[in-house]
Amino acid sequence: MFIPRRIIFEKGSLDYEMGKNIYNTFKDNPLTEIIRLSSNRIKENIPGKDLYEFYREGKNTLVVGTKKGLKFQSCKPSANYQLPLISGCMGHCEYCYLNTNLGDKPYIKINVNIDDILYQAEKYIREGFPEVTVFEGSATSDPIPVEPYTHSLSRTIEFFAQEEKGRFRFVTKYDDVETLLNLRHNNHTEIRFTLNTERVIKEYESRTSSLNKRIEAAVKVSQAGYPVGFIIAPVFFYDNWKSDYRSLLNTLHRSLPKVIHSSIGFEIISHRYTSRAKNIIEEIFPETKVPMKEEERIFKYGQFGYGKYIYTSQQLKEMKEFFKTEIESLFESCRIKYII
């Protein structure tokens, strides 16, 4: 569970039940500073003389506010729409794309007007009828660490359980799933876990759950009947990478109930980065060892008009063949959604 160093309540956020619950949870905690804004000038209340300090203070800050505009962003290929419950994450993953997307907003923000958000989701579902409309709950966040006092996921899971043509999915690197296990979900929510080798987690993913804790949480939610998926990302090439990723897959195979093997979904994503991301990462983590040498990559323009440095075609071909062979040999009839 994320215990913030400070909580900033935006104007009007305490008019909502969720805002009041968060305030009551932390108001007597001597380790958490409570700040109530009369305006919504968030950054002025987060210390830090440069991006290095502001990032670390932001990662210990919780902002409680509302989602103003209710037009949901697209979220393909993961889903039809992003579901804007939360933004930001407490983790210090050095390679994370949120370091770029939320570079000047590293704090965690909770939108307390969840009734408005779910009402808008219902409208999108009606517009998409008779097709199923899928919503992604973690496009710019990891919602699990704040769930014990927001209950946003619980509300959302129970909402989608009643929606014949609505589906919800989210992904996490954390293991605090206990409050989700006894909910009525009607198989309409897919819970995915981002996994990586123990070496990658240790070197680049500080303030996240261990590999074993993530797998234990995946077992719990699978036993509670949730559809389960795994994102193995980002895949790094290093000495003995195949051995380490094979060990990861074998551990997963041994741990998960065999009855769910055929229903598991896999998404495999290789490491890539932009020039802007590299600059921000090196400023936030000046001692980083994330491999970002342009001469070892190829530059490729993406669908959004900007370029990324990716692994070579031969490396990506080798990666695809490796994961396809290993996963299909261990998890018969599973769904490999993509390997990129």
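The values are calculated or read from the model by the stated rules, or taken from the named source; none is laboratory data. Quick caveat: nothing in here was measured; it's all calculated off a predicted structure. Because the Cβ atoms are built from the backbone with ideal geometry, glycine has one as well, and the counts that use them run over all protein chains shown. Note: areas computed on protein heavy atoms with side chains; ligands, DNA, RNA excluded. Shrake-Rupley method; radii C 1.70, N 1.55, O 1.52, S 1.80 Å.
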_Subset of the range 301-310 [buried (at least 16 other Cβ atoms within 10 Å of the Cβ) and either hydrophobic (A, V, I, L, M, F, W, C) or over 23 Å from the mean Cα position of the chain (by Cα) (or both)]_ = ILE310
*asked:* Let me spell it out: the conditions are (1) open to solvent by 10 Å² or more (accessible area, probe 1.4 Å); (2) closer than 30 Å to GLU158 by Cα, and TYR238 meets all of them except one. Which number is the exception?
replied: (2)
*Quick one: in the range 24-55, of everything that is among the basic types (Lys, Arg) and at pLDDT 95 or above, which residue is farthest from TYR149 (Cα to Cα)?*
ARG36
*Return the total of residues in the range 261-279 being within 23 Å of TYR204 (Cα to Cα) and either more than 22 Å from the chain's Cα centre (by Cα) or open to solvent by less than 20 Å² (accessible area, probe 1.4 Å) (or both).*
9
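Evaluate the following for THR208: is it in contact with a Phe, Trp or Tyr (Cβ under 9 Å, 6 or more places away or on another chain), in a loop (DSSP other than H, G, I, E, B) and of a type outside the set (A, V, I, L, M, F, W, C)? It would help to see each step written out before you state the result.
On the way: in contact with a Phe, Trp or Tyr (Cβ under 9 Å, 6 or more places away or on another chain): yes; in a loop (DSSP other than H, G, I, E, B): yes; of a type outside the set (A, V, I, L, M, F, W, C): yes.
For THR208, the condition - in contact with a Phe, Trp or Tyr (Cβ under 9 Å, 6 or more places away or on another chain), in a loop (DSSP other than H, G, I, E, B) and of a type outside the set (A, V, I, L, M, F, W, C) - is met.
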*List the pairs whose first member sits in the range 56-69 and is basic (Lys, Arg), whose second member is surrounded by 21 or more Cβ atoms within 10 Å (Cβ to Cβ) and in a strand (DSSP E or B), and whose Cβ atoms are under 7 Å apart, counting only residues at least 6 apart or on separate chains?*
LYS67/ASN111
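Would you mind finding the one in ASN212, ASN182, ASN196, ASN186 that is of a type in the set (S, T, N, Q) and closer than 17 Å to SER263 by Cβ?
On the way: ASN212 fails: closer than 17 Å to SER263 by Cβ; ASN182 fails: closer than 17 Å to SER263 by Cβ; ASN196 fails: closer than 17 Å to SER263 by Cβ.
On inspection, the qualifying residue turns out to be ASN186.
Condition first: in a loop (DSSP other than H, G, I, E, B) and surrounded by 22 or more Cβ atoms within 10 Å (Cβ to Cβ). Can you find one or more residues in the range 218-229 that meet it?
Yes: one or more hits.
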_Out of the residues in the range 321-340 meeting the condition of being of a type in the set (D, E, K, R) and part of a strand (DSSP E or B), tell me which one is least open to solvent (accessible area, probe 1.4 Å)._
LYS337
